[in-house]
């Protein structure tokens, strides 16, 4: 049985971390060691993110909304943010990414028996924050799998 949050933890979060790591290194000139510290990962993980060896299980780069989310989180990490604030941002980002339909194909690959065509789990109002930040008209915008009745 597939649990979408588990798929997100293994695919969406690493992909988002990779985007943020590249933004911090290329956009802010941060050293890999500091990026690793801010993201709560090892320097080796950051190196793999930077060279696109890790964190590429789901394509997030194609979505303008996610690129903006990544930039916003990177900007917050340049300062000295509280871990709780960073965790909230990541949780909200994950919720938004799922709502955009960017994880559907990954769920299908992880568990081919999952009825992805009828699944709408990620499109509901389930958030770790109080509100979903994406526009309602963007829900499932990038979903390649049609929802069938």
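Please list, ordered by residue number, the helices (runs of 4 or more DSSP H) wholly in the stretch 37-149 having 2 or more residues that are more than 25 Å from residue 26 (Cβ to Cβ), modelled with pLDDT of 90 or more and over 18 Å from the mean Cα position of the chain (by Cα).
On the way: elements: 43-50, 64-78, 83-99, 104-110.
Fully inside the stretch 37-149 and qualifying: nothing.
For every residue, the table says whether it meets (1) surrounded by 21 or more Cβ atoms within 10 Å (Cβ to Cβ); (2) in contact with a helix residue (DSSP H, G or I) (Cβ under 6 Å, 6 or more places away or on another chain).
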{"position": "4", "(1), (2)": "no, yes"}
{"position": "11", "(1), (2)": "yes, yes"}
{"position": "18", "(1), (2)": "yes, yes"}
{"position": "27", "(1), (2)": "no, no"}
{"position": "37", "(1), (2)": "no, no"}
{"position": "40", "(1), (2)": "no, no"}
{"position": "61", "(1), (2)": "no, no"}
{"position": "65", "(1), (2)": "no, no"}
{"position": "78", "(1), (2)": "no, yes"}
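Of all residues in the stretch 42-51 being surrounded by fewer than 20 Cβ atoms within 10 Å (Cβ to Cβ) and touching a helix residue (DSSP H, G or I) at 6+ places or on another chain (Cβ under 7 Å), which is nearest to residue 74 (Cα to Cα)? Show your work before the answer.
Initial filter on the stretch 42-51 (surrounded by fewer than 20 Cβ atoms within 10 Å (Cβ to Cβ)): 42-44, 47-48, 50-51.
From the residues that got through so far, the ones that are touching a helix residue (DSSP H, G or I) at 6+ places or on another chain (Cβ under 7 Å) too are 42-43, 47, 50.
Working: 42: 17, 43: 17, 47: 16, 50: 14 Å.
Here the residue is 50.
As an exercise: evaluate residue 95 against (1) touching a helix residue (DSSP H, G or I) at 6+ places or on another chain (Cβ under 9 Å); (2) closer than 30 Å to residue 1 by Cβ; (3) surrounded by fewer than 22 Cβ atoms within 10 Å (Cβ to Cβ) and give the number of the one condition it does not meet.
Of everything listed in (1) touching a helix residue (DSSP H, G or I) at 6+ places or on another chain (Cβ under 9 Å); (2) closer than 30 Å to residue 1 by Cβ; (3) surrounded by fewer than 22 Cβ atoms within 10 Å (Cβ to Cβ), residue 95 misses just condition (3).
The values are calculated or read from the model by the stated rules, or taken from the named source; none is laboratory data. Quantities reported herein were computed from a predicted structural model and do not represent experimental measurements. Reconstructed Cβ throughout: ideal geometry from the backbone, glycine too, with neighbour counts over all protein chains shown.
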